[in-house]
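Below is one structure; the comments refer to it alone.
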Amino acid sequence: MKKIIYVFSFLITGSFNLLSQETSESKREPGHTNNNKFKQLYEEFSSPNRYRTASGAPGSDYYQQQVDYIMDLELDDKNTKLYGEETITYTNNSPDNLDYLWIQLDQNIRKKDAPALEKNGGGADPLIPVEVFSSKYFDEPFDGGFNINWVKSSSGIPLKYTINNTMMRVDLTSSIKSGESYSFKIKWWYNINNHVTNRARSGYEFFPKDGNRAYVIAQFFPRLAVYNDVEGWQNYQFWGNGEFALNFGNYEVNLTVPADHIVEATGDLKNPREVLTNQEYKRYKQAQNSFDKPIIIVTEQEVIEKESKFSEKKKTWKYIANNVRDFAFASSRKFIWDMMAVKVGPKKVMAVSLYPKEGNPLWEDYSTVAVAQTLDTYSKYTFNYPYPKAVSVHAKNQGMEYPMICWNYGRPDDDGKYSDRVKFGMISVIIHEVGHNYFPMIVNSDERQWGWMDEGLDTFMQYLTEQEFGQNYKEAIAPLEKYPSRRGDPEKIVPYMSGFQNNISPIMSNPENVFQLGPNAYAKPATALNILRETVMGKELFDHAFKTYSKRWMFKHPTPEDFFRTMEDASAVDLDWFWRGWFYSTDYVDIGVKEVKKYRISSKPSPEVDKILSAYGMTANDLAPNYVFMSSDTDESNSDNESSNSINNSIPLKKYLEENPEDYDLNINSLPKNFYEIEFEKPGGLVMPIIVDYIFKDGTKKRVEYPVQVWRKNDDSVKKVLATNKELVAIKVDPDLKTADIDISNNSWPKEKSASDFEKFKNKIKG
């Protein structure tokens with residue numbers, strides 16, 4: 001049945017606007033720029049060029065530098081030092097000639113006089129744990145920065161270098177021309193920090209009961225900074241929050257450690273027969289074809305036997321890693337070691353875990369299967385995992401990622417018992433950190449500048465993986481029916497987005513400059529993407545666009561614009577309004593019902609219509625006899641019989657229906673007789689689609705989703721008309737809490753009475 005179009009409403013609206021202009025005082029208002037929420041992002045975006053296209057894809061002349069490393073490393077367990085000598089080969093794929101190279105010295109953040117130690121303000125703490133107080137005011141600062149022995153050319157000629165905090169410039173004797181490669185060497189060492197007492201992403205944990213250490217070592221070697229088409233040399237110092245901007249390259253690493261240590265690292269282990277016992281090697285080979293459950297390579301009992309013995313001998317583990325942006329390793333005689341094979345596309349990938357006995361039974365039960373689930377889910381939504389393995393290493397209070405390997409927290413009590421909070425926290429952090437292999441280890445965004453591009457995208461994918469883990473491992477989440485994800489669901493971001501504005505930063509902020517890094521870089525962008533998938537775009541369009549972005553930029557360096565543009569390019573959905581609101585502002589969602597009016601078809605014009613006609617010197621008799629009059633329930637002059645079907649009140653309408661029997665059902669009772677004008681208000685700044693349930697007296701319900709564009713001409717409120725032959729009794733906006741609306745007190749009509757904070761507190765006490 002065709003909709004009945006009420007043209008007269010246009011006349012009414014237009015006329016009222018004209019009347020307003022004629023009767024208002026002639027006061028000229030100042031001009032303004034385009035503040036429309038649907039304004040395109042041309043002002044914010046860079047112009048497309050031959051390096052990066054308007055579609056969000058790499059351009060025809062896109063380039064990135066290649067940096068290859070050959071390293072000889074030695075871990076001194078007795079003295080907690082790490083020694084290294086590396087040969088770096090830098091290939092200049094840019095169109096520019098380079099006179100010097102910038103090296104990142106991230107360990108220098110741990111120098112005892114590092115500026116980063118004084119980067120935050122703060123007064124005297126009235127309440128502070130004793131160990132924190134002692135460390136802050138009594139202890140000598142730990143000195144863990146790089147000691148550079150020398151920098152030389154490949155032929156042994158000393159090269160001049162200048163260290164600026166966490167950056168080192170190496171001056172070249174001649175320029176590296178475009179297309180050329182240059183090799184040089186650096187010898188260095190540093191003191192390894194205790195990452196538990198000196199909170200850090202890398203270091204060792206000391207176990208006083210047996211005198212052993214477990215090492216998780218990263219950002220441990222001088223690494224080339226990125227030189228690209230966006231900013232030239234990456235020159236933002238390492239201050240701690242913003243992480244790393246790194247180049248892809250190939251690694252050959254010889255890692256010498258105590259002979260009784262077990263090691264895992266980025267890359268393929270090339271000499272397992274040399275470093276493993278016969279029994280370990282047998283299990284190692286067996287695990288390569290175990291797809292149903294992990295195989296334990298080094299058992300808990302074997303670890304216990306080793307813990308009291310400290311070998312004076314050494315072994316060298318040899319690794320090769322191709323096309324990776326970084327290298328990290330873990331080493332300890334305390335490590336239990338298990339692994340299983342996972343089918344990812346046409347390839348076999350090893351899911352691997354390392355953990356001390358202090359991590360059991362939790363880690364033996366869940367770590368490796370969580371790794372396997374991550375590889376499966378992430379590959380489904382992005383691209384097939386290209387590396388040979390993914391390793392999860394247990395480390396107290398850690399959650400940090402590197403190519404093929406990551407550190408994760410989650411430790412049972414001394415008696416082996418653990419809460420659901422500990423269990424789900426461990427599973428979630430493993431999923432998150434293993435997931436970082438995709439963002440930013442492969443889709444290689446600049447973490448130093450844009451923390452959300454790796455953390456936010458990864459947290460979004462973490463949410464999808466957690467939900468699939470819950471579906472596939474129901475016994476692990478029982479008695480829950482759904483995995484209890486901490487981030488991702490829209491309602492969980494409400495406390496942050498409704499908070500004090502002075503402590504909230506836009507997502508498009510450098511990680512060093514935000515007040516709350518977790519909500520800003522992790523939770524809010526993840527929630528935004530979830531809303532984009534579930535509510536704005538739909539799963540099919542979103543998933544195709546997201547996979548397109550992932551594949552376009554794997555093993556490349558995308559910017560935020562490349563992501564924004566690709567998501568639109570691959571979906572044909574204009575999302576500038578969404579990026580502008582969710583990523584460039586701190587606006588929040590608040591959409592509600594302001595007013596509801598009921599209209600019926602009337603036999604005569606309302607006083608409202610008479611007033612408009614009078615302004616033009618007209619009466620109802622001057623109108624052509626083809627208009628439908630409508631009156632609200634509040635119109636006291638309306639004398640029509642309300643018990644009858646209101647369609648009977650309009651002779652022109654009845655005549656029109658009778659003359660068009662092929663278009664309309666002549667059963668008058670089936671046609672709409674009630675017309676509800678609903679005015680939606682938007683106290684919040686963010687424009688969003690309006691999802692609304694209309695609930696009728698007979699118990700039925702109708703869901704309508706008004707597109708976000710309804711706000712494009714009025715940012716404050718918008719009116720919609722619901723035509724129905726039923727009686728409307730209630731309205732519910734955002735009934736499933738899919739938009740992160742910060743105030744649901746205005747989401748209902750009639751307005752629902754909500755309990756006060758005090759009542760909620762009383763009920764909580766009673767419960």
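Taken together, the values in this text are just the output of simple stated rules run on the coordinates, not laboratory data. As the structure is a computational prediction, the values presented were derived from the model and not from experiment. Counting neighbours? That spans all protein chains shown, and the Cβs are built from the backbone with ideal geometry, glycine included.
Specify the inter-centroid distance of the range 398-419 and the range 594-608, based on alpha-carbon positions, in whole Å.
Using only Cα atoms, the two centres lie 65 Å from each other.
Considering the zone a paramagnetic label at Ser47 would reach in this model (a point 7 Å from Cα along the Cα-to-Cβ line), which residues of the range 212-234 have amide N under 16 Å from it?
The answer is 230.
Could you check the simple spin-label distance between Thr277 and Glu475, using points 7 Å along Cα→Cβ, in nm with one decimal?
Simple spin-label model gives 3.0 nm for this pair.
Give, rounded to the nearest 20 debye, the magnitude of the charge dipole that the range 679-740 has about its Cα centre when Lys and Arg contribute +1 at Cβ and Asp and Glu contribute -1 at Cβ.
On the way: 12 positive and 10 negative charges, 39 e Å.
So the dipole magnitude of the range 679-740 works out to roughly 180 debye.
What is the calculated FRET efficiency for Tyr83 to Glu540, with r their C-beta to C-beta distance and R₀ = 60 Å, to the nearest 0.05?
Once the sixth-power term is evaluated, E becomes 0.65.
Looking at Ile493, Phe555, Pro525, which one has the Cα that reaches farthest to the positive end of the dipole of the range 459-563 (charges on Cβ: Lys, Arg +1; Asp, Glu -1)?
Most positive-ward Cα: Phe555.
Taking other Cβ within 10 Å of each residue's Cβ, how do Ile320, Ile430, Ile601 sort, fewest first? Please list the in-between numbers first.
Details: Ile320 13, Ile430 30, Ile601 24.
Taking fewest neighbouring Cβ atoms as first place, the list is Ile320, Ile601, Ile430.
What whole-number volume per residue, in cubic angstrom, does the convex hull of the C-alpha atoms of the range 299-387 give? Numbers along the way, then the final one.
Values: hull volume 10.8 nm³, N = 89.
Measuring per residue, one finds 121 Å³ for the Cα hull of the range 299-387.
Would you mind computing Rg(Cα) / (2.2 N^0.38 Å) for the range 440-526, counting N as its residues? Provide the component values of the computation, followed by the final result.
Details: Rg = 14.8 Å, N = 87, 2.2 N^0.38 = 12.0 Å.
In units of the globular-protein estimate, the range 440-526 measures up at 1.23.
Using mean Cβ contacts within 10 Å as the protection proxy, how do 325-338, 37-50, 685-698 order, highest first? Spell out each step's value before the answer.
Numbers: 325-338: 25.0, 37-50: 13.0, 685-698: 18.6.
Packing order, densest peptide first, comes out as 325-338, 685-698, 37-50.
According to the Cα gyration tensor, what semi-axes, each the square root of 5 times an eigenvalue, does the equivalent ellipsoid of the range 406-459 have, listed from largest to smallest in whole Å?
Values: eigenvalues 166, 17, 14 Å².
Equivalent ellipsoid of the range 406-459: 29, 9, 8 Å, largest first.
If the cut-off is 23 Å between C-alpha atoms, which lysines fall inside it for Lys136, apart from same-chain ones fewer than 8 positions away?
Excluding near neighbours in sequence, the set is Lys111, Lys112, Lys119, Lys396.
Rg over Rh of the range 492-572, using C-alpha atoms and the Kirkwood radius, what does it come to? Present the calculation step by step, with values, prior to reporting the outcome.
Numbers: Rg = 14.3 Å, Rh = 14.0 Å.
Here the Rg-to-Rh quotient is 1.02.
Quick one: length gained pulling Glu74 to Val130 fully straight, 0.36 nm per residue minus the C-alpha distance? Each step should come with its number before you reach the end.
Numbers: separation 56, 0.36 × 56 = 20.16 nm, distance 3.56 nm.
Computed gain between Glu74 and Val130 is 16.6 nm.
For the chain, build the charge dipole from Cβ charges (+1 Lys, Arg; -1 Asp, Glu) around the Cα centre, then report which of Trp233, Phe244, Asn648 sits farthest towards its positive end.
Of the listed residues, the answer is Phe244.
Determine, for each peptide in 674-683, 374-383, 148-157, 446-455, the mean count of other beta carbons within 10 angstrom over its residues, then list the peptides with the highest first.
Numbers: 674-683: 18.2, 374-383: 21.4, 148-157: 13.0, 446-455: 24.5.
Sorting 674-683, 374-383, 148-157, 446-455 by mean packing, highest first, produces 446-455, 374-383, 674-683, 148-157.
Could you state the number of Å between the C-alpha centres of the range 50-108 and the range 698-733?
56
What order, most packed first, do the peptides 388-398, 533-543, 170-180 have when packing is the mean number of other Cβ atoms within 10 Å of each residue? Each step should come with its number before you reach the end.
On the way: 388-398: 23.5, 533-543: 16.6, 170-180: 13.6.
Put in order of decreasing packing, that is 388-398, 533-543, 170-180.
Pairs to check: Lys285/Lys556; Lys654/Lys732; Lys282/Lys318; Lys334/Lys556. Give those whose C-alpha atoms are more than 27 Å from each other in this structure.
Working: Lys285/Lys556 34 Å; Lys654/Lys732 34 Å; Lys282/Lys318 19 Å; Lys334/Lys556 37 Å.
Exceeds cut-off: Lys285/Lys556; Lys654/Lys732; Lys334/Lys556.
Expected output is a single nm value to one decimal: the length gained when fully extending between Met554 and Lys598, i.e. 0.36 nm times separation in residues minus the C-alpha distance. What is it?
10.3 nm
From the P(r) of the range 263-346, can you give the percent of Cα pairs sitting at distances over 21 Å?
Values: 1267 of 3486 pairs.
Roughly 36 percent, rounded to a whole number.
Among Asp743, Asp590, what is the fewest-to-most ranking by other Cβ atoms within 10 Å?
Details: Asp743 15, Asp590 23.
Ascending number of Cβ neighbours within 10 Å: Asp743, Asp590.
Give me the distance in nm between label points sitting 7 Å out from Cα along the Cα-to-Cβ direction at Asn513 and Val710, one decimal.
So the two model labels end up 3.7 nm from each other.
If I take the Cα coordinates of the chain and project them onto the principal axes, what are the three extents in Å, biggest first?
Rounded to whole Å, the extents work out to 107, 62, 59 Å.
If one computes the Cα centroid of the range 477-543 and of the range 736-751, what distance in Å separates the two points?
That distance is 18 Å.
Taking neighbour counts of Cβ atoms within 10 Å as a proxy for exposure, in what order, fewest first, do Lys282, Lys306 appear? The partial results should precede the final answer.
Numbers: Lys282 12, Lys306 20.
Fewest-to-most Cβ neighbours within 10 Å comes out as Lys282, Lys306.
If R0 is 45 Å, what FRET efficiency do you get for Lys719 and Asn502 from their C-beta distance, rounded to 0.05? Walk me through the numbers on the way to the answer.
Values: r = 35 Å, r/R0 = 0.78.
About 0.80, to the nearest 0.05.
In nm, what is the difference between 0.36 nm times the number of residues separating Glu727 and Ser745 and their Cα-Cα distance?
Details: separation 18, 0.36 × 18 = 6.48 nm, distance 2.35 nm.
In short, 4.1 nm is gained.
Which three extents, in whole angstrom, do the alpha-carbon atoms of the range 127-169 cover along their principal axes, largest first?
Projected onto its principal axes, the Cα set of the range 127-169 covers 57, 15, 12 Å.
Let me spell out the model: positive unit charges on the Cβ of Lys and Arg, negative unit charges on the Cβ of Asp and Glu, origin at the Cα centre of the chain. What dipole size does that give, in debye rounded to 20? Kindly include the intermediate steps, with their values, before the conclusion.
Values: 94 positive and 107 negative charges, 261 e Å.
Approximately 1260 debye in magnitude.
Relative contact order for the chain: what percent, with Cα pairs under 8 Å and sequence separation of 6 or more? Working shown, then result.
Values: 1491 pairs, mean separation 81.0, N = 767.
Answer for the chain is 11 percent.
Mind giving me the FRET efficiency for Tyr656 and Asp736? R0 is 30 Å, r the Cβ-Cβ distance, nearest 0.05 is fine.
On the way: r = 40 Å, r/R0 = 1.32.
Rounded to the nearest 0.05, the efficiency is 0.15.
Measure nothing fancy, just the Cα-based angle from helix 278-287's long axis to the longest principal axis of the chain, in degrees from 0 to 90, nearest 10.
Helix 278-287 sits roughly 20 degrees off the main axis of the chain.
How far apart, in nm, are the 7 Å Cα→Cβ label points at Glu679 and Tyr616?
For Glu679 paired with Tyr616, the spin-label model returns 2.4 nm.
Go through the range 534-544 residue by residue and turn each phi into a ³J(HN,Hα) via Karplus (6.51, -1.76, 1.60, θ = phi - 60°); whole Hz please, and just put x for glycine and proline.
3J(HN,Hα) across the range 534-544, in whole Hz: 7, 10, 8, 8, x, 5, 5, 5, 4, 4, 5.
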